[in-house]
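Worksheet: the structure to be examined is printed underneath.
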Amino acid sequence: MGEEGENLKETFSEISPSDFFYRNRDLAGFTNPSRALYSTVRELVENSLDACEIERIPPEIYTRITPFDPSENEDPRKYLVRVQDNGPGVAPDYIAEAFGKVLYGSKYKLRQSRGMFGLGGTMAILYGQITSNKPVKIQTSTDGIKKYSLTLMIDIEKNKPIILDKKVDDARKIKGTVVEVVVEGDYLRSSQKIQEYFKQTALVVPYANITFVDPMGRIYNYLMTTQEMPPPPKETLPHPYGIDVEFMRRMIRQSKELTLSKFMPKRFHRVGAKTAIKFLQFAGLDPNRDPKSLTDEEIVNLVSSMHKFEEFLPPDANCLSPLGEKIFSAGIIKELAPEFFTVVVRPPSAYSGFPFIVELALAYGGRQLDKGIKLYRYANRIPLLYDEASDVAWKVINEEIDWKRYKIPLEAPIAVVVNISSTRIPYKTVGKEYIADRPEIERELKNALRETLRKLSAYLSRRTSEEHEKRKINLYMKYLPLIAGFAKELAGENKPPNYKRLLEQSREEAVEEEKVNVSEEGRKGEGQKTIEDFANS
């Protein structure tokens, strides 16, 4: 075979995870300088929020974007992004790999967290390196006594950190982490998304102080309005409905249990001893069998039987950290200041063995809401700002709900705020911008939205009745004095009739009618609030 034939031969090679994402950074949302700058800010801020919330530390997040080279005047150009938090810090033994190794982190546990892949923060550092050739700088302290400072780059081919500088200083009683990375960005085009990101983040973390300084030096402050924080999620075991054959093989390989009857309760969520025996009988397996003795065919049968067995308890929500009505309400009032709002927290549900909770708030009126329906989407408290029309929430609002049925015009000033909490959000892409239309999630969204729409419809109906009564009383006040004067003249009396008694009677009748309306609305559903109601509570 000639030289040309030799060149056509297939060659095989292996690439590291960092090399893969270097070549395919679009998958992680780093598609262009505008989107990449937004993604860098988002990923670093989310890491800081997660770190604080796990330790129940009210977050203090400071973010600053500054031009790296003042002589560059046009976008895209290099920007220095600095994100600082007051979280628990990173233990010194893990700093280098936590920031310099792709797919390495603390996210690989079965509990709710903003991140899913352990990728976002490191991907921002990787993008910064390949666009600016500048190292990332990290400062962190876990105790407020020692501060560890590292300057590093990523060896992309080997997926490991290259430490350029390392030192230890006095932390001066300041705990937390600071990350500084230089990235190529286009702030002119991304500014609106970045500012919207901070505004929407403040809506679901009213227990945080967030400061953002833009490249022009303008300061945006989002101050906390409540000290209450969501309960931290607890790590949990996998549910039988969410297991596949490969995962089962790994569990068996790692197990130390000598019988299947002990293996099932020890390794699976909400599987007790009695349920384990029932299931193993259903699967046709001996409870005293050693898990490691199962053949490949038996493992496949075991997993298949798990998906068919109907007596497993559904997963509970201890591994989730929903906002809750009180915190959600505080955020709605702080950022939207509506005339009326209602919050619905649905009971825990599950898809494919993964628990989730849908929280939905509906706000109406006020100065900050424009006409039309505005959708705010969150997944584990992450604002989703791109690809709205591909999201399941958009589908429910625009295709599955008949707004006319609730007598609510589409041009009404309404905000629908959706937060889905889960151990595994079913994103359609690695970029985490829109959620797949899983039937279970779609059902919960529809039920939550219908409940809030019924409450808004009742409120608007009550407000219409109040306005009608006000117009009627104003009409009486305008004409009754004139009629009383004519009656006095016709009767030849010195004093006009007591028309004020008629006005009082009309007001009393309106109050009694309003009490009946409120009582009927209360029977239809609780939870609707005005700003005054929330303040009084």
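Descriptive notes on the structure:
- Those residues of segment 215-224 which are more than 20 Å from Ser190 (Cβ to Cβ) and surrounded by fewer than 17 Cβ atoms within 10 Å (Cβ to Cβ), in sequence order: Asn221, Leu223
- Count of segment 358-377 residues which are surrounded by 21 or more Cβ atoms within 10 Å (Cβ to Cβ) and either under 29 Å from Gly29 (Cα atoms) or within 13 Å of the chain's Cα centre (by Cα) (or both): 6
- Residues (in a helix (DSSP H, G or I) and under 12 Å from Val416 (Cα atoms)) located in segment 340-397: Ala393, Trp394, Val396, Ile397
- Answer from Lys107, Lys101 - the residue that is more than 19 Å from the chain's Cα centre (by Cα) and either under 24 Å from Asp26 (Cβ atoms) or at pLDDT below 85 (or both): Lys101
- Selection within segment 189-214: residues that are over 25 Å from Gly87 (Cα atoms) and either in contact with a helix residue (DSSP H, G or I) (Cβ under 8 Å, 6 or more places away or on another chain) or modelled with pLDDT under 95 (or both). The member of this set that is surrounded by the most Cβ atoms within 10 Å (Cβ to Cβ) is Ser190.
- Among (1) of a type in the set (A, V, I, L, M); (2) modelled with pLDDT of 95 or more; (3) buried (at least 19 other Cβ atoms within 10 Å of the Cβ), the one test that Ile145 misses: (3)
- With respect to the conditions (1) farther than 30 Å from Pro206 by Cβ; (2) modelled with pLDDT of 95 or more, Val343 lacks only one, and its number is (1).
- Enumerated helices (runs of 4 or more DSSP H) restricted to segment 247-338, each holding at least 3 residues that are under 30 Å from Tyr222 (Cβ atoms) and out of contact with any His (no Cβ under 6 Å at 6 or more places or on another chain): 325-336
- Test: residue in segment 224-240 that is within 30 Å of Arg267 (Cβ to Cβ) and touching a strand residue (DSSP E or B) at 6+ places or on another chain (Cβ under 8 Å): yes
- In segment 154-188, of all residues being closer than 17 Å to Val81 by Cβ, among the β-branched types (Val, Ile, Thr) and touching a Lys or Arg at 6+ places or on another chain (Cβ under 9 Å), the one that is surrounded by the fewest Cβ atoms within 10 Å (Cβ to Cβ) corresponds to Val178.
- Pairs with Cβ under 7 Å, 6+ apart, first in segment 448-471 and more than 19 Å from Leu410 (Cβ to Cβ), second at pLDDT 85 or above and charged (D, E, K, R): Ala448/Arg346
- Taking residues in segment 106-127 that are of a type in the set (S, T, N, Q), and partners anywhere that are at pLDDT 70 or above and part of a loop (DSSP other than H, G, I, E, B), the pairs with Cβ atoms closer than 6 Å and at least 6 places apart or on different chains are Gln112/Pro233; Gln112/Leu320; Gln112/Ser321; Gln112/Asn380; Gln112/Thr423; Thr122/Val102.
- Qualifying positions in segment 148-171 - of a type outside the set (A, V, I, L, M) and either at pLDDT 95 or above or in contact with a Leu (Cβ under 6 Å, 6 or more places away or on another chain) (or both): Tyr148, Ser149, Thr151, Pro161, Asp165, Lys166, Lys167, Asp169, Asp170
- Counted residues, segment 192-222 - those being in contact with a Phe, Trp or Tyr (Cβ under 9 Å, 6 or more places away or on another chain) and not in a loop (DSSP other than H, G, I, E, B): 20
The values are calculated or read from the model by the stated rules, or taken from the named source; none is laboratory data. It should be emphasised that the depicted structure is a prediction, and the values quoted were computed from it without experimental measurement. In this analysis, Cβ positions are derived from the backbone assuming ideal geometry, glycine residues included, and neighbour counts consider all displayed protein chains.
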